[in-house]
Every structure is written in structure tokens, then in C-alpha cells.
1. Which one, B:SER51, B:GLY102, B:TRP75, is farthest towards the positive end of the dipole of the stretch B:19-138 when Lys and Arg carry +1 and Asp and Glu -1 on their Cβ?
2. Within the set of other residues whose C-beta is less than 15 Å from the C-beta of B:ASP111, count the net charge using Lys and Arg as +1 and Asp and Glu as -1.
3. Which trypsin sites (Lys or Arg not before Pro) from the stretch A:164-251 combine a DSSP loop assignment with at most 10 other Cβ atoms within 10 Å?
4. If I model chain B as equal point scatterers sitting on the Cα atoms and use the Debye formula, what is log10 I(q)/I(0) at q = 0.15, 0.19, 0.20 Å⁻¹?
5. Give me the distance in nm between label points sitting 7 Å out from Cα along the Cα-to-Cβ direction at B:ASP118 and B:TYR55, one decimal.
6. Quick one: if the Förster radius is 51 Å, what FRET efficiency do A:ALA47 and A:LEU259 give, using the C-beta to C-beta distance and rounding to 0.05?
7. Find how much the distance from B:ASP21 to B:ASP110 grows on full extension, using 0.36 nm per residue of separation minus their present alpha carbon separation; answer in nm with one decimal.
8. Out of all Cα-Cα pairs in the protein assembly as shown, roughly what percent, to the nearest whole number, are more than 32 Å apart?
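The values are calculated or read from the model by the stated rules, or taken from the named source; none is laboratory data. Every value quoted in this text rests on a predicted model; they were computed, and no experiment measured them. All Cβ positions, even for glycine, are placed from backbone atoms using ideal geometry, and neighbour counts span all protein chains on display. Side chains included, ligands, DNA and RNA excluded: accessible areas come from the protein's heavy atoms. Shrake-Rupley method; radii C 1.70, N 1.55, O 1.52, S 1.80 Å.
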Amino acid sequence: MDPFAGRTAIAGAGMTELTRRSGRSVLSLAREAALAACSAAGLEPTAVDGVVQYSMYDDSVQAEALGAVIGARDLSYVMDFAQGGQSAAHMVAHAAMAVACGFAKNVLVFRAMNGRSGVRIGQRAAVGGGTEFRYPLGFVAYPQVAAMWARRYMIETGATELDFGAIAIAQRRWAERNPRAVLREPLTEEGYLASRPVAEPFRLPDCTTEVDGAAAVLVTSVERARDLALTPAVISSAAWATHGFDLDMGSSLRYDDYLRNFSGHLAGPLWKRAGLGPEDVDYAEVYDCFTGALALNMEGLGLCAPGTAGTFAREGHTSPGGKLPTNTHGGLLAEGYVHGMNTVTEAVWQMQGLGGERQVPKNDVAVVSSGAYLSGSAIVLTKDR
Amino acid sequence: MSPSAIPSTAPPLPVPERDRDSAPFWDALREHRLRLQSCDACERVRFPAMSRCPYCVAPEHRWRELSGRGRIYSWIVVRQAFRPEFAAEVPYALVTVDLEEGVRVVGRMDDVDSPAFDLAVVAAYVDHPEWTELRFEEMAA
Ligand SMILES: [Zn+2]
């Protein structure tokens with residue numbers, strides 16, 4: 001029997017509102033999301049004995065600081081992980097490993113950031129060894145790196161900018177149903193084409209919207225989760241993959257296959273550990289800092305064929321009423337950029353029947369992924385059976 | 001756009017933070033030559049400069065002078081400046097180029113309309129006050 005698969009569950013999820021200027025400390029945001037996750041699960045915050053968080057450019061607060069402000073005074077597992085969009089599913093996996101191995105019983109996983117009014121990740125020059133060669137050229141920000149991948153994707157697959165547009169349009173249809181989303185107005189093909197170019201082939205709607213806010217989930221054993229308030233979202237699998245890493249996360253000149261990002265490298269172990277396949281997935285919450293990243297992630301996980309993510313979206317399969325509801329909160333593109341942690345909370349809420357106006361009809365199996373290019377992670381959630 | 005066209009309010013372009021591994025690369029560009037590391041063990045050429053071969057991890061290498069000729073692998077057109085230093089530079093193209101010697105490099109192209117997949121390009125050299133930049137231009141027919 002797999003020592004990891006199916007032994008732990010997410011018992012509750014919580015978020016703050018998403019704004020362009022919270023006017024609050026990051027710790028205050030983290031606390032609100034964490035307490036919301038505990039409250040949803042029906043667990044006293046003082047019962048939390050593990051805290052895990054991730055950050056970039058030192059934009060968050062320490063795991064232990066969160067413990068202090070929610071009354072969790074004795075912690076037996078903590079982690080502060082300094083990586084970005086790769087992290088959310090991986091942090092859930094870490095919490096699950098801690099629980100499965102008996103290091104902690106109730107672990108909070110959070111991401112909190114004043115991502116709009118404070119440190120803006122999308123405009124920061126990434127750090128690392130290859131930057132010496134990129135900065136002086138004006139090859140500085142991650143959206144540019146992502147656009148370079150996207151152009152290559154177009155060259156190799158024959159996809160057009162309208163395929164990226166179809167992804168943004170499909171996700172906006174979900175955001176229309178999500179009161180928390182920051183971009184709720186419908187997006188049309190004409191509107192997409194008329195929008196401001198950022199780094200061609202990317203326009204503004206191809207890029208995530210940075211926000212202030214926080215998201216958190218509570219990970220515990222399946223047995224304890226059954227005694228709590230909501231349907232457990234059982235963690236049936238998790239995987240991480242790094243492939244082709246070079247000097248830093250923006251260095252991909254030597255990457256060997258621009259059609260296959262990290263998700264194509266973790267899909268095998270992910271599905272094997274779950275005992276499931278992409279054909280079993282009822283809904284998908286897939287990392288989408290950019291439309292081009294969403295395409296690679298969908299294709300890498302096997303949710304649609306290589307080169308077809310745009311067509312798949314345009315045919316309505318990922319939209320409300322489609323056969324594979326995807327990014328049902330609007331995604332990072334339209335709900336906002338809580339760095340993929342809001343991708344996890346949405347997956348949990350859908351499985352717990354808390355999706356509101358955007359609730360998917362079938363919610364037994366979900367895949368959640370985190371990350372865009374060289375490295376990333378994913379989990380498979382299944383309803384407790 | 002020449003550096004002198006940048007308004008005085010714009011901060012100057014970033015200067016490369018050269019290190020022991022990369023110094024010969026920047027020194028060669030200053031002389032309008034393109035030199036990259038070639039691994040003694042597997043003979044593959046690498047970019048950016050680094051102390052070990054990314055293909056076989058061997059440290060021994062020599063600096064090989066390259067033709068500067070290659071073909072565009074991918075490209076973007078930057079319309080939004082992400083740093084104030086580049087506010088006066090947009091729009092500009094960034095191209096990844098597969099050089100004849102089998103190594104992929106990145107550089108700017110001034111003409112944002114000319115990049116295309118597989119377009120033949122050649123190295124050009126733009127002198128800034130403190131360093132020289134590798135750019136690419138379309139190869140003459
Ligand atoms: Zn070598």
C-alpha cells in the first residue's frame with residue numbers, strides 16, 4: 001500500500017477578499033484566511049500543530065508568526081518555502097507527509113501577500129545566475145520569459161494568439177460567477193484582440209492579475225477529517241518535477257522540449273500514485289499565471305492532447321456546462337494572483353459542495369497543479385468514499 | 001534606439017554584473033567579437049557562461065570564436081517596460097537564436113516587425129558607455 005496516497009485530506013479552505021490595496025499587513029491577511037479555513041472545517045485554531053507557507057522575494061510572513069497570532073503555541077512541524085508558483089500543491093503535499101508520518105495532526109498551509117500594493121512579483125527582476133545576461137537586454141520580467149515559451153508553442157503547434165485568447169475568454173466566464181474575482185466583466189474575442197499588448201504574443205488578458213489577499217487550507221488525517229464539519233477532500237496523490245533547470249527559473253535557453261513543461265514530467269508518477277488517470281478527472285484547477293502556461297499544464301497532465309488547449313477551451317469543454325470544468329474560480333487570470341493557493345482552495349470548495357453559483361455538477365475527482373515551466377507540483381483530490 | 005536618445009530622466013540601462021566565468025564573453029563583445037565557452041570533453045558550446053559544462057559537467061573549456069550567424073528559434077516583442085531603464089526602449093524585440101555552432105543565445109533586435117521563425121540573422125554589436133551588447137539583425141539576402 002502506498003504510504004502517502006489517500007491517508008490525508010484537506011478538511012477546510014479559507015480566503016480573504018482580493019483587493020488592489022488591502023491596507024493591512026500580510027500577517028493580518030494570513031490570519032484571516034487561516035481562521036476561515038479552521039472555521040470552515042470546524043476545528044479550533046489552537047488544535048493546529050503545523051504551519052507551512054511559501055513566499056517569493058520575502059513577501060510573506062513566517063509560518064511560526066501565523067501560529068502565534070492564531071493561538072497555536074506549540075508547533076511540531078513548520079516550513080517556510082522560498083519558491084513561487086511551483087509551490088501550492090507541493091506545500092499541501094508537505095503538510096500531508098507531515099501528517100501521514102505522524103509529525104503533526106493538523107497542518108495549516110497558507111499563502112498571503114500584498115501582491116498588488118506591496119511586492120509585485122510580475123514586475124520584479126527574478127534573481128539567479130542567468131540574470132547577468134538577461135537584464136541588460138531588457139529581458140527582465142517573468143511575463144517576458146513566459147511569452148518566449150508561448151511563441152515557441154505557437155511555432156511548434158500552429159496555435160495562434162486566438163488560442164491563448166480562447167483560454168482567457170473561457171476562464172472569464174467562470175469569473176463572472178465568482179464574487180471574489182477581480183475581473184468579472186465578460187471577455188470577447190474582439191475585446192481580447194483590442195487589449196493592450198504586454199510582451200507579444202501576450203496581451204493583458206493572457207497575464208494574471210496581481211492582488212492583495214490570502215488563501216489557506218487545513219490538512220489532517222482522513223480519519224480526523226471525517227469527524228470535522230465538511231466533506232474531506234482526500235489527497236490521493238502528489239508529485240513534484242524539475243526538468244531542465246539551468247541557472248535560474250528564467251533561464252531556459254537549453255530547454256529541450258518547449259511543448260512539455262514540468263507537468264509532462266510529473267504526470268506519470270502523479271496518476272500512478274492516485275491509481276487514476278486524466279480521463280477520471282471531473283474538474284481541474286490548473287495553474288495559469290499565463291494562458292500559455294495553462295496550455296502546457298493541461299496538455300502535460302493529459303487533460304487534452306498536445307497543442308489543443310486553445311481548441312479545447314474554444315469548444316467550451318472547460319467552461320460552465322463543459323465536460324471538464326477548469327479553473328472554476330476564473331483562475332489566476334481572472335480571480336487574481338494568490339500564487340496558486342487560491343487554485344487549491346477552489347478545488348476544495350468544489351469538492352465540498354461550496355462552489356455556489358459556479359458549483360460543478362460532478363465533483364468526485366479533481367486535479368490541482370502549481371507551476372508554469374521548469375518546475376512545479378500537482379495533487380489529486382478525491383471525495384471520501 | 002541609440003543610448004543618447006534616452007531622456008535624461010530615464011535611469012541608464014543596467015550594466016552586466018560580470019564575474020570570473022563571464023568576463024571573457026563581455027571582453028570579446030567589447031572588441032565586437034562573439035566568443036563562447038566550448039567544452040573540452042564533449043565539445044558543445046554553451047551560453048550563458050558558467051564554470052561547468054551543462055551537458056557533461058566537465059570544467060575544462062576553451063573560448064571559441066563564433067560566426068555570429070544563426071536562425072531565430074523564438075521571439076517576443078516587448079511593448080510594456082517592466083523596469084524604468086527600458087521605458088524609452090519599448091517597443092523592442094527579444095530573439096532567441098540558434099547559432100550555426102549549435103548553441104542558443106538571446107539578444108535584442110531593433111526592428112520589431114522583422115523577427116520570424118527560422119529567419120537568418122547575424123550578430124551586431126552596440127557599444128554602451130561601459131559595455132557592449134550583442135544584438136541581432138536580419139542577414140542580408
Ligand atoms: Zn561537456
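1. Checking the options against the dipole of the stretch B:19-138, the answer is B:SER51.
2. Values: positive: B:ARG79, B:ARG108, B:ARG135; negative: A:GLU200, B:GLU89, B:ASP110, B:ASP113, B:GLU137, B:GLU138.
Around B:ASP111, the surrounding residues sum to -3.
3. Working: sites: A:ARG172, A:ARG173, A:ARG177, A:ARG180, A:ARG184, A:ARG203, A:ARG224, A:ARG226; in loops: A:ARG177, A:ARG180, A:ARG184.
Filter output for the stretch A:164-251: empty list.
4. With one equal scatterer per Cα and no solvent, log10 I(q)/I(0) is -0.80, -1.19, -1.27.
5. Simple spin-label model gives 2.3 nm for this pair.
6. Working: r = 46 Å, r/R0 = 0.90.
So, using R0 = 51 Å, E works out to roughly 0.65.
7. Values: separation 89, 0.36 × 89 = 32.04 nm, distance 2.83 nm.
Computed gain between B:ASP21 and B:ASP110 is 29.2 nm.
8. Numbers: 59695 of 138075 pairs.
Result: 43 percent of Cα pairs exceed 32 Å.
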